[in-house]
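K.L.:
The structure's right below; bear with me while I get my questions together.
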Amino acid sequence: MSLDTFIATRQPEWSELEAAINQARRGRLRSTSATQLERFGMLLRHASSDLAIARRDYPDAQVTEYLNSLCSRANPLLYRGSPMRISAVPEFFATGLPRAFRAAWPYILASCALLLLGFIGGWLAVVLRPDLRDSLVPHSLFDELARGGHPTVPDAPFAAAFIIQNNIRVALICFGFGVLWGIVPALVMLSNGWMLGTIAAAVHEGGYDVRFWALIVPHGVIELSIIVIAGGTGLMLGDAVLRPGLQRRGDALGAAARSAVALAVGAAMLLVIAGTMEAYVSPSGLPDAAKLAVGGTAAVLLYSWLLLAGRRRTVAPEHEPRSWTALSGLPGEVPT
Amino acid sequence: MLRVAGPSTPDTVRVQTAENVSIGFTTAGLGSRVVAQLIDNVIALPLAYIAAFAYSALAVSASSGQSVTIVAGGALFALFFVYFGYFLVCEVVTGGRTPGKAAMGLRVVRLDGSAPDFVALLIRNVVRVLDVALFAAGIGVVIMFFHPLSRRLGDIAASTIVVRERSRVTLATAAAAPPLITRAPDAGPAVEGIERLGSTEYNALRTFLTRAGLAPELRARLAADIAARMLERLAVAPSAPERFWPPELLLERLYLQLDQRLR
């Protein structure tokens, strides 16, 4: 077929496809009826086959470039991932987030270990080098505790906002900077543990343990858990870059990011709860026992949700009695 | 001069589509992406500063005795939140093009040529924190400079690329003018050895014959040159009549005969 005949016979469909592309608004084929959509798919398939023919027969002709540009504009309009729906949010928190948490357990455990390492390091630093305690422990907090009072409480709503933003920033930085071999999230975990360790050791020496932990525990259980999770997501990305396995580094990173981002965003949202408790409950005048109880309840709720929600029951094979899995004590979760 | 389409340009990524045809996406270069980012900054930074000042004003007026650290911290967060939120919201709403990208004719697509979903856009915009951090210019720019497809870390983590959507070629320019046949009233007698010529020669002849605005003597010289090569490929006898046709007539007749055969 000569080039002119090719163009002349195929041109009407190309123009139609071009018109359909121009109708798309905001990168989507909105206000397109089902039959039009079907027609669009057919036009794209025809244009693609024309592109293949043009590449073979007229590789240097302008029409080949035109068809390529036509197809490359039409392709993302027809092919796309599943859209994000607001109605999917409750389900994400009910099952998606706990499942992602359990799937990421090695990284969360590693993140927790780093925090503990920092904590022990900080504790030992204060115990072994009492001469350095003044520079290791924030002064104001220690003085306040020593005098038996509460640290100064600014207006609770703004304190909550400050704490929440600080934590969310840390969580998102843990995720984003995890790409660089996970160094930054590891350092964040170590430094958080170190800070807590030095203060805890100093408070312990002063004998204000209950008062101190009553100040930390109500919000700290949730907050530290979430920071550990956020650190875990960063370690996940770093691990994918360091040990991509059989995949290319970029592909491994992409896969890890896809499974870690849900956890990171979920964690950032939970930090809103933790920050509110930190501003309202922790510095409040409640008795220490009540504060510790609040923290304990929060911990039980958080971990029963993260560890138990969204588990799938194992479907027993047909020929075996249903109670078999329950009796044998096998884990009930189907590996995903 | 022939312009080479698609495959041989270095900044093209070939994507195998569901139709089993590979489409070439032209990746956006460092330059256009930096300009797009600057345009976005012109919009996003004022918004972010307004949000930060609004937060500070609210915090200061709502209560007395605010700690400076707390107000400043909140305001700083409002700044960052609005700045990074701008990119995420714009890309989600428009299917992968912020106003800056739209102005430069760029769009975010996934590596398989499909439109990015919410998760991909979320990842590339969270990692943006890292891409614009560390240096004034940002580590993302350094990595884009070295990456063959000009991807920043956020693109790699989200499996996306930024491609150019504008094309110089429209249907009107692609449907090129038909060749100018001035000398040959018809295809003329069949040229000996015409079966030796194929689509390569046909395309070369077509390119020559569609060239308008060539000075007559220049056109004659070019025609003589091409005719000599064609005669060589045809391997016509030294005494054959084709050798004595005027070069331009020979080329036109060859084209018409090839056109009939290939049609």
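The values are calculated or read from the model by the stated rules, or taken from the named source; none is laboratory data. Remember, predicted model here, so these are calculated numbers, not experimental data. Every residue, glycine as well, gets a Cβ built from its backbone with ideal geometry; the counts of neighbours run over all protein chains shown. The area values use the complete protein model at the heavy-atom level, side chains included, leaving out ligands, DNA and RNA. Shrake-Rupley method; radii C 1.70, N 1.55, O 1.52, S 1.80 Å.
K.L.:
Take the residues in the stretch B:112-134 that are open to solvent by 40 Å² or more (accessible area, probe 1.4 Å) and in contact with a helix residue (DSSP H, G or I) (Cβ under 8 Å, 6 or more places away or on another chain); name whichever of them is modelled with the lowest pLDDT.
P.N.:
Within the stretch B:112-134, the first condition is being open to solvent by 40 Å² or more (accessible area, probe 1.4 Å), and the residues that meet it are B:112, B:118-119, B:132, B:134.
So of that shortlist, the ones also in contact with a helix residue (DSSP H, G or I) (Cβ under 8 Å, 6 or more places away or on another chain) come out as B:118-119, B:132.
On the way: B:PHE118: 85, B:VAL119: 84, B:VAL132: 77.
Result: B:VAL132.
K.L.:
Quick one: in the stretch A:202-223, of everything that is among the hydrophobic types (A, V, I, L, M, F, W, C) and either surrounded by fewer than 19 Cβ atoms within 10 Å (Cβ to Cβ) or without any contact (Cβ under 8 Å) to a residue 24 or more places away in the chain (or both), which residue is farthest from A:ALA274 (Cα to Cα)? Before the answer, list the steps.
P.N.:
Applying the first criterion (among the hydrophobic types (A, V, I, L, M, F, W, C)) to the stretch A:202-223 yields A:202-203, A:210, A:212-217, A:221-222.
Checking the rest, the ones that are also either surrounded by fewer than 19 Cβ atoms within 10 Å (Cβ to Cβ) or without any contact (Cβ under 8 Å) to a residue 24 or more places away in the chain (or both) come to A:210, A:213.
On the way: A:VAL210: 20, A:TRP213: 16 Å.
Across the stretch A:202-223, the extreme among qualifying residues is A:VAL210.
K.L.:
How many residues are facing chain B (nearest Cβ under 7 Å) and polar (S, T, N, Q) when one looks only at the stretch A:21-48? So that I can check it myself, show each step before the final result.
P.N.:
Of the stretch A:21-48, the ones facing chain B (nearest Cβ under 7 Å) are A:26-28, A:45, A:48.
Retained after the next criterion (residues that are polar (S, T, N, Q)): A:48.
Here the count works out to 1.
K.L.:
Is it the case that A:ASP60 is within 7 Å of another protein chain (Cβ to nearest Cβ), free of Cβ contacts under 8 Å to residues at least 60 places away in the same chain and either more than 41 Å from the chain's Cα centre (by Cα) or part of a helix (DSSP H, G or I) (or both)?
P.N.:
Judged against the criteria, A:ASP60 is a match.
K.L.:
Okay, moving on. Condition check: in a loop (DSSP other than H, G, I, E, B), touching a residue at least 12 places away in the same chain (Cβ under 8 Å) and either open to solvent by 20 Å² or more (accessible area, probe 1.4 Å) or out of contact with any Asp or Glu (no Cβ under 9 Å at 6 or more places or on another chain) (or both). Does B:LEU149 satisfy that?
P.N.:
Details: in a loop (DSSP other than H, G, I, E, B): yes; touching a residue at least 12 places away in the same chain (Cβ under 8 Å): yes; either open to solvent by 20 Å² or more (accessible area, probe 1.4 Å) or out of contact with any Asp or Glu (no Cβ under 9 Å at 6 or more places or on another chain) (or both): yes.
Against the criterion (in a loop (DSSP other than H, G, I, E, B), touching a residue at least 12 places away in the same chain (Cβ under 8 Å) and either open to solvent by 20 Å² or more (accessible area, probe 1.4 Å) or out of contact with any Asp or Glu (no Cβ under 9 Å at 6 or more places or on another chain) (or both)), B:LEU149 qualifies.
K.L.:
Could I ask something else about it? Only residues that are over 20 Å from B:SER32 (Cα atoms), modelled with pLDDT of 75 or more and open to solvent by less than 20 Å² (accessible area, probe 1.4 Å): list them for the stretch B:152-180, please.
P.N.:
B:ALA157, B:ALA158
K.L.:
On the basis of being within 24 Å of B:ALA157 (Cα to Cα) and in contact (Cβ under 8 Å) with a residue 60 or more places away in the chain, does A:ALA262 make the cut?
P.N.:
Working: within 24 Å of B:ALA157 (Cα to Cα): yes; in contact (Cβ under 8 Å) with a residue 60 or more places away in the chain: yes.
In short, yes.
K.L.:
Right, here's the next one. Based on this model, can you work out whether B:ILE50 counts as of a type in the set (Val, Ile, Thr) and either at pLDDT 80 or above or not assigned by TED's automatic domain parsing to the domain that holds B:LEU30 (or both)?
P.N.:
Here the answer is yes, as B:ILE50 does meet what is asked.
K.L.:
Look through A:ILE168, A:ILE199, A:ILE183, A:ILE229 and report the one residue that is open to solvent by 40 Å² or more (accessible area, probe 1.4 Å) and touching a residue at least 24 places away in the same chain (Cβ under 8 Å).
P.N.:
So the residue among A:ILE168, A:ILE199, A:ILE183, A:ILE229 that is open to solvent by 40 Å² or more (accessible area, probe 1.4 Å) and touching a residue at least 24 places away in the same chain (Cβ under 8 Å) is A:ILE183.
K.L.:
Follow-up. Here are the criteria: (1) within 24 Å of B:ASP112 (Cβ to Cβ); (2) surrounded by fewer than 19 Cβ atoms within 10 Å (Cβ to Cβ); (3) facing another protein chain (nearest Cβ under 7 Å). Tell me which single one A:GLU65 does not satisfy.
P.N.:
A:GLU65 satisfies all of (1) within 24 Å of B:ASP112 (Cβ to Cβ); (2) surrounded by fewer than 19 Cβ atoms within 10 Å (Cβ to Cβ); (3) facing another protein chain (nearest Cβ under 7 Å) except (2).
K.L.:
For the stretch A:263-311, give me the residue count where each residue is closer than 21 Å to A:PRO90 by Cα and outside any helix (DSSP H, G or I).
P.N.:
3
K.L.:
Restricting the search to the stretch B:93-110, which residues are within 8 Å of chain A (Cβ to nearest Cβ) and surrounded by 18 or more Cβ atoms within 10 Å (Cβ to Cβ)? Before you say what the answer is, go through the steps one by one.
P.N.:
As a first pass, look at the stretch B:93-110 and keep what is within 8 Å of chain A (Cβ to nearest Cβ): B:93-97, B:107, B:109-110.
Of everything in the stretch B:93-110, those that are within 8 Å of chain A (Cβ to nearest Cβ) and surrounded by 18 or more Cβ atoms within 10 Å (Cβ to Cβ) turn out to be B:THR94, B:GLY95, B:GLY96, B:ARG97, B:ARG107, B:VAL109, B:ARG110.
K.L.:
Please go through the stretch B:186-215 and pick out each residue that is assigned to a helix (DSSP H, G or I) and out of contact with any Asp or Glu (no Cβ under 9 Å at 6 or more places or on another chain).
P.N.:
Going through the stretch B:186-215, the residues assigned to a helix (DSSP H, G or I) turn out to be B:194-196, B:199-209.
B:ILE194, B:GLU195, B:ARG196, B:THR200, B:GLU201, B:ALA204, B:PHE208 - these are the residues of the stretch B:186-215 that are assigned to a helix (DSSP H, G or I) and out of contact with any Asp or Glu (no Cβ under 9 Å at 6 or more places or on another chain).
K.L.:
Restricting to the stretch B:193-203, name every residue that is without any contact (Cβ under 8 Å) to a residue 60 or more places away in the chain and open to solvent by less than 50 Å² (accessible area, probe 1.4 Å).
P.N.:
Of all residues in the stretch B:193-203, those without any contact (Cβ under 8 Å) to a residue 60 or more places away in the chain come to B:193, B:195-196, B:198, B:200-201, B:203.
Residues satisfying the conditions are B:GLY193, B:GLY198, B:GLU201, B:ASN203.
K.L.:
All but one of (1) at pLDDT below 85; (2) assigned to a helix (DSSP H, G or I) hold for A:ALA260, so report the exception by its number.
P.N.:
All conditions pass for A:ALA260, except number (1).
K.L.:
Turning to a different aspect of this structure: Looking at the stretch A:109-124, which of its residues are over 12 Å from A:VAL188 (Cα atoms) and open to solvent by less than 20 Å² (accessible area, probe 1.4 Å)?
P.N.:
Passing the criteria: only A:GLY122.
K.L.:
With respect to A:LEU43, is the statement that it is over 24 Å from B:ASN203 (Cα atoms), open to solvent by less than 40 Å² (accessible area, probe 1.4 Å) and at pLDDT below 85 true? Explain how you work it out, then say what you get.
P.N.:
On the way: over 24 Å from B:ASN203 (Cα atoms): yes; open to solvent by less than 40 Å² (accessible area, probe 1.4 Å): yes; at pLDDT below 85: no.
Judged against the criteria, A:LEU43 is not a match.
K.L.:
Among the residues that make up the stretch A:9-17, is at least one of them of a type in the set (A, V, I, L, M) and touching a Leu at 6+ places or on another chain (Cβ under 8 Å)? Don't jump to the end; show me each part of the working.
P.N.:
We begin by selecting, within the stretch A:9-17, every residue of a type in the set (A, V, I, L, M); these are A:17.
From what's left, touching a Leu at 6+ places or on another chain (Cβ under 8 Å): A:17.
Yes: the stretch A:9-17 contains one or more residues that are of a type in the set (A, V, I, L, M) and touching a Leu at 6+ places or on another chain (Cβ under 8 Å).
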